[in-house]
1. Can you give the alpha-carbon Rg of the stretch A:2-133 over 2.2 N^0.38 Å, where N counts its residues?
2. Quick check for me: using +1 on Lys/Arg Cβ and -1 on Asp/Glu Cβ, what's the dipole size of the stretch A:2-133 about its Cα centre, in debye to the nearest 20?
3. Can you give me the long-range amide H partners of B:THR267? Hydrogens built in the peptide plane at 1.01 Å from N, cutoff under 5 Å, separation of 5 or more residues or another chain.
4. What 222 nm value per residue comes from the helices of the protein assembly as shown, counting each DSSP H run with n ≥ 4 as -39,500 (n - 2.57) and dividing by all residues, nearest 500 deg cm²/dmol?
5. Counting only DSSP beta bridges with both residues in the stretch B:195-300, tell me the antiparallel percent, nearest 5.
6. Rounded to whole Å and ordered largest first, report the semi-axes of the equivalent ellipsoid of the stretch B:90-159 derived from its Cα gyration tensor (root of 5λ).
7. Below 11 angstrom from the Cβ of B:GLN104, what's the summed charge of the other residues (Lys, Arg +1; Asp, Glu -1)?
8. Under a Cβ-only charge scheme (Lys and Arg +1, Asp and Glu -1), can you give me the dipole magnitude of the protein assembly as shown about the Cα centre, in debye to the nearest 20?
Amino acid sequence: MRSTYRALAGLIAIGVVLQAATIALAWFGVMNDVDGGAVYDEGTEYNAGQSLHAILGMIVIPVLALLLMIVSFFTKVPGAVKWAGLVLLVVVVQVLLAFASFGAPILGTLHGANALVVMGAAGMASRRVQSSVGAPEQATAQPTAGAGAGA
Amino acid sequence: MLFAVALGFVGWTWWGSLVPDTYSMDDMGVADFGGGEAVAHEAAHGGSAVGVDTLTGPPDGEPDVSETLVARAGKVEIGGDGARAVDGYTLNDTSPGPVIRAKQGDLVEVRLVNESVPDGVTLHWHGVDVPNAEDGVAGVTQDAVQEGEEHVYRFVAEDAGTYWYHSHQVSHEQVKRGLLGTLVIEPARGPSTDDVVAAVHTYSGQRTVQGMVGEQHVEAAAGSTRRVRVVNTNDGAVRTWVSGAPYRVVAVDGREINGPTPVEGKTVSVPAGGRVDLEVEIPDDGVRVSFGGGASLVLGPADADAPTDDEPKQRFDPLTYGSPADIGFDPDAADRSFEYRIGRRIGFLDGRPGFWWTINGSIFPDVPMYMVQEGDVVRMTISNDSGKVHPMHLHGHHAVVLSRDGVSASGSPWWVDSLDVRDGETFEVALVADNPGIWMDHCHNLIHASEGLVAHLSYVGVSTPFRVGGADHNHPE
Ligand SMILES: [Cu+2]
């Protein structure tokens with residue numbers, strides 16, 4: 001379960017990197033299309049970058065964060081649940097910020113900044129479990145300072 | 001434990017969001033009587049209920065205007081320099097389809113033939129307050145016309161103005177891809193000025209006016225006047241501006257503006273589905289009407305070289321334009337007052353998780369069914385807190401704008417059938433329920449409609465024999 005936890009957290013962190021990449025692809029795609037005379041309006045379908053960003057951001061990463069939350073209950077690593085909960089929370093905030101930004105584009109700046117928080121939280125979660133990987137399973141049953149957050 | 005409860009709740013919400021494969025509009029939504037007399041939502045098929053299929057135009061009589069429109073799937077040829085043909089739909093081999101012209105009082109008959117559109121087609125007469133059976137909404141007022149079938153629409157052209165027609169079957173896809181055309185109803189006495197029809201449509205990123213990209217020249221003598229009938233067939237607003245001469249906004253959504261004054265240096269925002277008639281006097285150098293995306297009309301003598309102004313920042317505002325006039329009824333004596341509150345929240349739409357539109361807090365199909373009786377004076381407060389603009393379109397009726405964000409309309413009566421309600425805005429409108437039937441009241445960003453931003457205005461005692469979904473493959477959105 002620990003390696004699953006670690007893999008999920010790692011995938012979320014990689015997902016954030018991909019989101020930075022896809023949104024750059026989206027914008028350069030728009031500018032390139034406009035250079036070629038295209039009109040962007042309400043009826044315009046998403047380009048490759050926009051589609052990927054939407055799928056990763058609204059489905060893939062939230063599902064990974066949910067799975068991380070579920071898996072965290074079985075890792076028996078102190079702090080694993082807390083970190084998974086934090087990752088899920090900042091992912092939800094990230095999605096909400098995205099939708100709020102359609103009406104108030106200035107919030108898009110927070111969407112960009114919060115992405116780094118998602119990546120940081122996922123990285124910390126991964127490291128949290130990594131440090132106890134290799135230690136005997138029962139070792140985690142010992143009372144530890146970070147074990148406060150429970151199921 | 002808490003997590004399991006949360007998961008159970010999500011599962012239950014998901015289950016509750018599922019829409020049956022086939023359903024009747026009679027059983028849809030949550031009946032809302034708007035504070036008026038609560039009368040039975042006539043769910044009974046047959047009985048004393050009036051079927052929408054009986055609410056037709058005149059069944060007999062020679063039509064004054066007769067047209068056959070053949071719908072086909074295939075390539076749409078776009079005119080103008082550098083245009084590319086796109087996959088889409090045509091009517092009589094063109095998109096936009098032919099301009100249908102009638103005079104006020106004419107009996108119009110249109111035979112729609114579906115030659116090769118796989119999903120089936122219908123024709124909705126956007127902005128024309130036709131009898132309900134002629135409204136062209138698949139699954140509500142008729143069955144979709146499948147390949148090899150045909151359907152005849154007959155109605156009297158009662159109100160002069162600028163209108164359009166489009167399919168209301170899988171409309172979010174069919175309209176975008178060209179299944180549309182324009183309808184002009186001229187005043188009975190004949191038009192006072194020559195007109196130019198300017199249907200604006202974007203085909204796969206190519207902004208066109210009357211099916212042509214770029215600039216088009218329209219011959220007009222200096223000193224003459226022209227009425228430019230701007231029709232926005234897109235999913236989003238089209239910004240229109242005039243360079244080289246002042247203009248008057250003489251009509252909005254097929255209703256004349258009272259006392260239009262000259263306008264200069266302002267952009268007119270035409271909502272999706274909306275129409276705006278602009279009148280210009282042609283100067284020696286001609287005049288340019290721009291529609292964004294490089295599409296424009298130059299009206300003038302053959303050698304006219306009209307200026308190319310940038311889009312003015314200032315917006316034309318119909319709320320204060322023109323002079324007040326009698327609207328023919330008293331909105332303060334309303335029989336019913338409805339609320340149409342648009343929001344957006346996380347939830348399930350027919351089992352799909354997402355961030356969906358809500359009407360009065362609920363996701364489709366738990367949306368209001370606004371119930372009225374013939375003769376009612378109806379007020380509706382439309383508000384939007386969803387983060388995006390919604391061009392709200394009511395079928396079969398015109399409503400008059402009373403106020404926006406608490407500021408009363410102070411200009412000409414502003415009648416609409418397609419009204420942009422921007423994020424954060426609240427409009428109060430009023431109408432007379434004078435056209436029995438079951439009428440869609442939906443967002444004309446047709447993607448949003450397909451995402452559930454659809455409600456209905458329904459007359460007590462009217463029911464529909466048609467069904468959405470099922471064997472007839474009716475999918476109005
Ligand atoms: Cu909308």
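None of the figures in this text is laboratory data; all of them are computed from the coordinates on show. What you see is a predicted model, and the numbers here were worked out from it, not measured in a lab. For neighbour counting, all protein chains shown are included, and Cβ atoms are generated from backbone atoms with ideal geometry for every residue, glycine included.
1. That works out to 1.19 for the stretch A:2-133.
2. 1160 debye
3. B:GLN314, B:ARG315, B:PHE316
4. The helix contribution divided over the protein assembly as shown gives -7000 deg cm²/dmol.
5. Here the share of antiparallel DSSP bridges comes out near 75 percent.
6. They are 21, 15, 9 Å, listed largest first.
7. -3
8. 3780 debye
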